[in-house]
Structures are given as structure tokens and as C-alpha cells.
Amino acid sequence: MSTPDTLPAPDAAATPAPVALAVAGLSIRFGGLMAVEDMTFEVREGEVLSLIGPNGAGKTSAFNAITGYIPASSGSITYRGVPLTGLKPDQIAGHGVVRTFQKTSVFNGLPVLDNVLIGLHRRARQHPLAIMLGLPGVRRDEARLRDLAWEILDLVSLRGRAGEVAASLSYGELRLLEVAIALAAEPTLLLLDEPVSGMNPAETGAFMALIARIRTRGTTILLVEHDMKMVMGVSDRVVCLNQGRIIADGPPAAIQRDPQVIRAYLGERYVRARG
Ligand SMILES: Nc1ncnc2c1ncn2[C@@H]1O[C@H](COP(=O)(O)OP(=O)(O)OP(=O)(O)O)[C@@H](O)[C@H]1O
Ligand SMILES: [Mg+2]
């Protein structure tokens, strides 16, 4: 036999990727209300992790604390070894942790391409005077940023709408533009809060494909979503919150069968519908 006996090749899936985001003992209090209580979970590099749970479970509050929009009452949030707790949203974005903003980040009167370019300029931090004088370095940068903007529009499938003003986009396209603007900030961890809410099934399907394309670029994704077809279809792992506490953390297949998750959130109807 010419083929020697060898040890099996190391299984890539068996070696977990390094931890990207570590949330430890996070609690968020609003006056007398404990919105998030002692939340501990990790997101690994390149992973798509979904946070699910009933209305008011604390998902958005957790997002807001991770991205610096509300303070944590206690606990720690660390990204790639950097403590994020206490940092401002733009400082956190500077570390690669970026979220989408519904509508607020879009300039309605400007073309789609310009909306993405503004996001890229914010990242490039060029001196306004250098831009005004049209210095050669700026012109070179300008060409590079334009290329990047087109690349992002290709990724979100909005190239064909680049010249239209944002106000003329359909609902689904506007949500894609929000993602494009977030991508312009060059996230390594992208947070999406209910990105397909209000989308029709075709738009939702296209959005699932977009998530797959974004992760192919190596971007880690933290998703909050009530659309279970999407959650179960795109996630590597799912964390379920109920009344501020994590009640389950595991792969989609296990989460769908978890009695606590079914009782608190999915419901027997979901289980029967799945067969
Ligand atoms: N700024 C705030 N001030 C006071 N209470 C708040 C604030 N933000 C959220 N809450 C409360 O905290 C709890 C958790 O809300 P949160 O928005 O995090 O839930 P959620 O899981 O995102 O729900 P949904 O699925 O409906 O979006 C709720 O009881 C909510 O009313
Ligand atoms: Mg929410």
C-alpha cells in the first residue's frame, strides 16, 4: 500500500475560534427595573450569534450597553481584549464594534452612493482643509474611498440604486442602505437589531444571503431577530434571554428543542409547525 496510515487531519471545526466579544456578569438597571441581569456569553471570531427572546427580554438593552449607548450597571464587556465598558459609542466603533441605526444614519435627500461615502469619510478622518484644497493625498484617498463605496454597494446589492436619493428607496432597500452605512465604518463585529422586521419574505431571503456574504469577509455578527426562520438559518449559535436572564445558549438545533426556550418564547405552536 502506498498510502501510509496517518492520524486523521485536525478537524478545523473542533478547534474553536478565539473569543471576540466577552460579556461577563452584565446587568442593566432602569430605576427599579432590572432589564438585564448577570448576563454572561461570548461571541467567537467569525461567528454569527443570535440573541432571541420575548418582547422586553432585554435584547436591545444588551446591544445598547455593548455599543456604549447606555451604561452597564455592573459587569464587563471586552472586545478583542479591550474593555469597552465606559467608552463612548464612537470610541467603541473605532475598535470595530458597529451597529446599524434605523433611519437616523441615512441622509434622505442625498444619493445612495453619497450616503456610503459620508460613512467612509467619517472613518478616514481627513482634515477638512485638506479636502477643500484638493491636496493630492486627498484626491488619491477620494478615489480609494469611491472604490470602497462601490464595493459596499455591490455587497448589499444596491449598485443599481447608487444615483437615486435615499428617500426614493423601498423599505427593504433602505434597510440595506443602513447596513451599507454601518459597513462603511469597517466593522469587525457588526450588530444588527431586528434587521428584517417589516420585510417581505423575498427581502428577508435576500437579507439572509447578505449575512452569508458579510461573514465570508470575516466579519463577526451579533444579531437580534424575531424571525425564527432567519435566526435558525444563519446562526452558528443562539442565546435565549427571558426577563433579562440567559435561559439557553447553544446551536440552533438544540435551542429549537430546548423545553425552557419553547415555554418562554417559541411556543408549542412553533414546535408543531416545524413537525
Ligand atoms: N431607556 C429605558 N428606560 C427605562 N426602561 C427601559 C429602557 N429601555 C428599555 N427599558 C425596559 O427594559 C426592558 C427590556 O427592554 P428591551 O428593549 O431591552 O427589550 P427587547 O428584548 O429588545 O424587546 P423587543 O423584542 O420588544 O425589542 C423592558 O421592560 C423595557 O420596557
Ligand atoms: Mg428590542
Longest exposed-site-free window of the chain, the sites being chymotrypsin sites (Phe, Trp or Tyr not before Pro) in a DSSP loop that have at most 15 other C-beta atoms within 10 Å = 108-275
Among VAL231, VAL112, VAL43, rank each residue by its count of other Cβ atoms within 10 Å, from fewest to most, as a rough exposure measure.
-> VAL231, VAL43, VAL112
Any idea what angle helix 201-216 forms with the longest principal axis of the chain, computed on alpha-carbon atoms, 0 to 90 degrees, nearest 10?
-> 80
From phi via Karplus (6.51, -1.76, 1.60), per-residue ³J(HN,Hα) for segment 235-247 in Hz, x at Gly/Pro | 8, 7, 8, 10, 10, 10, 9, 9, 6, x, 10, 6, 10
Computed label-point distance, nm, for sites VAL165 and GLN243 using a 7 Å Cα→Cβ extension = 5.0
Which residue, VAL179, VAL106, VAL165, tops the fluctuation ranking in a GNM of the chain built on C-alpha contacts under 10 Å?
-> VAL165
Expressed to two decimals, the chain has a Cα Rg over Rh, using the Kirkwood radius, of 1.02
Residues whose modelled amide H sits under 5 Å from the amide H of ILE28, counting only those 5 or more places away in sequence or on another chain, are ALA35, VAL36, GLU37, ASP38, SER73
Taking Cα atoms only, helix 112-124 is inclined relative to the longest principal axis of the chain by an angle, in degrees rounded to 10, of 90
Any chance you could list P(r) for segment 157-232, counting all Cα-Cα pairs in 5 angstrom bins from zero, rounded to whole %?
-> 3, 14, 28, 26, 18, 9, 1, 0
Would you please give the FRET efficiency between ILE70 and GLU45, computed as 1/(1 + (r/R0)^6) with r the Cβ-Cβ distance and R0 = 25 Å, to the nearest 0.05?
-> 0.45
Do the sum for the chain: with -39,500 (n - 2.57) for every DSSP H run of n ≥ 4, divided by all residues, what is the mean residue ellipticity at 222 nm, to the nearest 500 deg cm²/dmol?
-> -11000 deg cm²/dmol
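FYI, it's all coordinate maths here, none of it is from the lab. This structure is a prediction, so every number in the text was calculated from the model and none was measured. Counting neighbours? That spans all protein chains shown, and the Cβs are built from the backbone with ideal geometry, glycine included.
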